[in-house]
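The values are calculated or read from the model by the stated rules, or taken from the named source; none is laboratory data. For clarity, every value in this text was computed on a predicted model and none was experimentally measured. Quick reminder, even Gly has a Cβ in these numbers, built from the backbone with ideal geometry, and neighbours come from all protein chains shown. Ligands, DNA and RNA are excluded from the accessible area calculation, which covers all protein heavy atoms including side chains. Shrake-Rupley method; radii C 1.70, N 1.55, O 1.52, S 1.80 Å.
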Amino acid sequence: MAKVTIKNVDKSFGDNQVLHNVNLEINDGEFLVLVGPSGCGKSTLLRIIAGLEESSNGDIYIGDDRVNDVEPKNRDIAMVFQNYALYPHMNVFDNMGFGLKLQKIASAEIDSRVSAAAEILGIGDLLKRRPKELSGGQRQRVAVGRAIVRNPSVFLFDEPLSNLDAKLRVQMRTEIKKLHAKLGTTMIYVTHDQVEAMTMGDRIAVLKDGHLLQADAPLNLYNQPTNQFVASFIGSPSMNFLDVNVNTSNGIQLVNENFKLKYPREEHDGLAEYSGRNVILGVRPEHLELTKSGEGIAVQMEVSELMGSESYLYTLCGESQVVARVQSNYLFKIDETVNFLPQYKNLHFFDPISGIKID
């Protein structure tokens, strides 16, 4: 096991800079998830850690060793890709043990490592099958097993579940987390799926346009995002955003052309500094409560999605969409007007220019 340290890493492809001064430390034995939209640089960063790409600037440390000039095969890492990349002419046992065979490890040791990995992954009865005889989930287990047998200091996962169906993705998320708990090895996992990130990571690092925006525990990211992008990216359905003007002539009022909210001053002293100015109000769908009092945010119903015990209500406030998560015992009609009262203690406010959260 080893910690991984990323110091001042830049990466450019010609005139296109895809990583900007990334600094991040992954603790020994930690499961860290790199998350962000397509093109944010997360896979490039993973490939730089693996040695498959060279950084334009900065340093990578695995343990206490600077590995910028170390060949990938000598970095003591194992990588699992989105594509399983199994040899079709080899059975499962040979696929898992092939890398060890190339290292000229004794046959008895290969047998021992492959058998142990197969037992951990529950594929001991598949060792004689070839890839074409396996399901997608089984192939993914073989790919993970091929990494396990190397006993690396660091595991790198590059969107390994993208090719699986929804049910298998949920199952494999659980399997990988159980694997991490059993092995205790440092794992760095790349995904664009924030649900994967929230359910799997000890910490999540959010990237956008090559910039690391925030790295924190999942619940801290969810409850205390540092900026509007992190707030919007983490959480499903996404956080709602509405433009409001801060009026402090009589307490604090949040004024929108479609509603006016009397805001408890003790909930957010920092808002007073924005008196007379516009800010962005952020509220998560689960923090909106239906009310018949006529107070709160008046919206027009568009679509109601039944999810079982709860429903997602897609509504319009002026031209802004507002999504609420409510119990499923409510029935609504299209174009019906309803009112949502926000939980004031759970509101977020962001500067409209910088996007930084207002504390």
**Study point:** Length added when fully stretched, Glu273-Asn247, from 0.36 nm per residue minus Cα-Cα
**Key:** 8.3 nm
**Study point:** Förster radius 51 Å - calculated FRET efficiency between Gln103 and Glu286, Cβ distance, rounded to 0.05
**Key:** 0.50
Point to revise | Förster radius 45 Å - calculated FRET efficiency between Leu219 and His89, Cβ distance, rounded to 0.05 | key: 0.45
Study note, to complete from the structure: Projecting the Cα atoms of Asn245, Tyr222, Gly235 onto the charge dipole of the stretch 216-293, where Lys and Arg contribute +1 and Asp and Glu -1 at Cβ, the residue farthest towards the positive end is Asn245
Point to revise | Fraction of beta bridges assigned by DSSP in the chain that are antiparallel (%, nearest 5) | key: 75 percent
Practice item. Just grab the label-to-label distance for Phe81 and Asp65, each label 7 Å out from Cα along the Cβ direction, in nm (one decimal). Key: 2.4 nm
Revision key, fill the gap. Once Lys182, Lys42, Lys208 are ranked on solvent-accessible area with the largest value leading and a 1.4 Å probe, the list reads Lys182, Lys208, Lys42
Study note, to complete from the structure: Of the accessible area of the chain, computed with a 1.4 Å probe and all protein chains kept, carbon and sulfur make up a percent value of 45 percent
**Study point:** Amide N of the stretch 127-152 lying under 19 Å from the label point, which is placed 7 angstrom from the Cα of Asn74 along Cα→Cβ
**Key:** 152
Check your understanding: With every protein chain left in place, what is the accessible area per residue of the stretch 180-237 in square angstrom, probe 1.4 Å?
Key -> 36 Å²
Revision key, fill the gap. If the chain between Ser38 and Asn23 were fully extended at 0.36 nm per residue, the gain over the current Cα-Cα distance would be 3.4 nm
**Study point:** 22 Å Cα cut-off, lysine pairs counted over the stretch 205-359 (separation 8 or more, or different chains)
**Key:** 10
Check your understanding: Taking a 1.4 Å probe, which of Ile334, Ile252 shows the most accessible area, and what order do the others take after it?
Key -> Ile334, Ile252
Revision key, fill the gap. In the neighbourhood of Glu336 defined by beta carbon distances under 13 Å, the net charge of the other residues (Lys, Arg +1; Asp, Glu -1) is 0
Check your understanding: Rounded to the nearest 10 Å², what accessible area does Ser311 show when all protein chains are kept and the probe is 1.4 Å?
Key -> 10 Å²
**Study point:** Extension gain, Ser236 back to Ser56 (0.36 nm per residue minus Cα-Cα distance, nm)
**Key:** 61.3 nm
Point to revise | In the stretch 1-159, lysine pairs with alpha-carbon atoms under 18 angstrom apart (chain gap of 8 or more, or interchain) | key: 6
Check your understanding: With each label point set 7 Å from Cα along the Cα-Cβ vector, what nm distance links Glu133 and Asp10?
Key -> 5.4 nm
